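**Q** Pasting in a structure now, in C-alpha cells, and then I'll have a few things to ask.
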Amino acid sequence: MKYLSLAFALLISLFSQAQQHAPFPKGTHRILFLGNSITYAGTYVSDIEAWFIVHYPKDHFEFINVGLPSETVSGLSEPGHAGGRFPRPDLHERLGRVLAQVKPDVVFACYGMNDGIYMPFDEGRFAAYRDGIHWLHEELVNCGAKRIIHLTPPVHDDKKLGTKGYNLVLDRYSEWLLAQRDSLKWEVADIHFPMTRFLEERRASDSSFILAKDGIHPGELGHWLMAKAVLQYLGASLDDVQDMQATLTVNPHGAEIYTLVSKRQAFMKNAWLKLTGFKRPDMAVGLDMDVARKQYRDIEKQIRHLLK
C-alpha cells in the first residue's frame, strides 16, 4: 500500500510538472504567424500571446506577426483589385525572406479568405489554393520549423446571404484543409466551422448580430473566437469561457499584461514587415528593427515585473 501511495504521488508530481510547460516542442522560442489582413490586424495573435504569458509565466516565447493585408497563398488577384491600384500581394514573393530572417520554431498559417477572390466556387481557383498550401507547407518543413499548424479561414458573412454566400466557398476550402490531417498527417486547427456555428446560433436569436462589420474582418469577439479555437487545439480548456478577459484572471495584473502585449504587437509587426520586405503599397512605415527591439525589451521588463 505504501508503494502504491508513493507511485501515485510520483504520478501526480509528474503530471503537475507537465502542466508547467507549454504545448510546443522543446527549445521553441520564435512562434510565427502568417496570413492576410485578419492576421495583420493581430488581435487574435495578441490574445494567444497574452494567454501563454499568464498561464506559462516561466516560458519565454516571441510571437511574431507578419500578416500582410490582401495577401493570398494562391497567387491570384481579381481584376481591378483595390480600385486598380495594385494586385493582391502573393506570399510566394516574400516567404523566403521571412523565413530567413525569423527562423521560426513554430508556424501558424491562416490563408483562404482572399484566395477564393470573393467569387463563386471555381475549380481553377481552388486548385491554385491547394497548390499554394502544399508549397507553403513544404517551404516550412524545409526551413526547419519544429511544428507547423495550418488554420482554416475565419467565417465570411455576406450582407445579403449571410453564411450561405461566399462562406460556402470557404467551407470547401476548410473541408479540404481539414482532410489533410488524415491524408498527409498535417496539423490543422479549425477556426472556420466553430465561427460559422457561433454566428448562425447567435443570428437565430438576434437577426442583427454580426462578427464583422464588413463581413470579412472580425471585431474583438471574432478574434477571440479565433484565438479560442487555436488555444483549444493546443489543449486549453475553454469551453465555457466567453471572452479573452476571463482567461487573464489567473494573474491579478492580467489586464495590464494584455495592454502591454497589444502595444508591443502593434509596432513589432510593422518592424518585421519592414525588415523582411513586401510589395504592397499603403502600409504603415515600420520602425527599424534595432529601435523596435529596444522597445520590445523595455516592454518585456514591464511584463516580467507584473508576473512576479
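**Q** State the dimensionless ratio Rg/Rh of the stretch 141-247 (Rg: radius of gyration of Cα atoms; Rh: Kirkwood radius).
**A** Rg/Rh: 1.00.
**Q** Just the accessible area per residue of the stretch 88-194, please: how many Å² with a 1.4 Å probe?
**A** Roughly 40 Å² per residue, with all protein chains present.
**Q** While we're here: Taking one equal scatterer on every alpha-carbon of the stretch 78-219, how large is log10 of I(q)/I(0) by Debye at q = 0.15, 0.16 1/Å?
**A** The calculated log intensity ratios at q = 0.15, 0.16 Å⁻¹ are -0.84, -0.94.
**Q** Of (1) 216; (2) 162; (3) 136, which one was derived for volume of the Cα convex hull per residue in Å³ from the structure shown?
**A** The value computed from this structure is option (2).
**Q** Now for a separate question. Heavy atoms only, probe 1.4 Å: what % of the accessible area of the stretch 211-268 goes to carbon and sulfur, would you let me know?
**A** 54 percent
**Q** Using +1 on the beta carbon of Lys and Arg, -1 on that of Asp and Glu, and nothing else charged, what's the dipole of the stretch 41-127 about the Cα centre, debye to 20?
**A** So the magnitude is around 240 debye.
**Q** Between the helical axis of 123-142 and the dominant principal axis of the chain, each derived from Cα atoms, what acute angle in degrees is found, rounded to the nearest 10?
**A** In the chain, helix 123-142 runs at an angle near 40 degrees to the longest axis.
**Q** I need the peptides 47-58, 126-137 ranked by packing, meaning the mean over residues of other C-beta atoms within 10 angstrom, with the highest value on top.
**A** 47-58, 126-137
**Q** Moving on. What distance in nm separates the simple spin-label points at Q242 and K103, each placed 7 Å from Cα in the Cβ direction?
**A** About 4.6 nm separates the two model spin labels.
**Q** Cut-off 10 angstrom, C-alpha nodes, Gaussian network model of the chain. Which of N167, N114, N142 fluctuates the most?
**A** Judging by the Gaussian network model, the answer is N142.
**Q** Ok, one more. Using Cα atoms only, what is the angle between the long axis of helix 192-205 and the major principal axis of the chain, expressed in degrees (0 to 90) to the nearest 10?
**A** Once rounded, one gets 80 degrees.
**Q** Right, next: Would you mind checking the pairs K146/K228; K164/K279; K58/K294; K146/K274; K58/K228; K185/K308 and listing those with alpha carbons more than 30 angstrom apart?
**A** K164/K279; K185/K308
**Q** Quick one: helix 43-55 against the long Cα principal axis of the chain, what's the angle to the nearest 10°, folded into 0 to 90?
**A** 10 degrees
**Q** Can you pull the semi-axes for the stretch 19-149, root of five times each eigenvalue of the Cα gyration tensor, sorted largest first, whole Å?
**A** Working from the Cα gyration tensor, I get semi-axes of 30, 16, 13 Å.
The values are calculated or read from the model by the stated rules, or taken from the named source; none is laboratory data. Since this is a predicted model, take the numbers as computed values, not measurements. Counting neighbours? That spans all protein chains shown, and the Cβs are built from the backbone with ideal geometry, glycine included. Heavy atoms of the whole protein, side chains included, go into the accessibility calculation; ligands, DNA and RNA do not. Shrake-Rupley method; radii C 1.70, N 1.55, O 1.52, S 1.80 Å.
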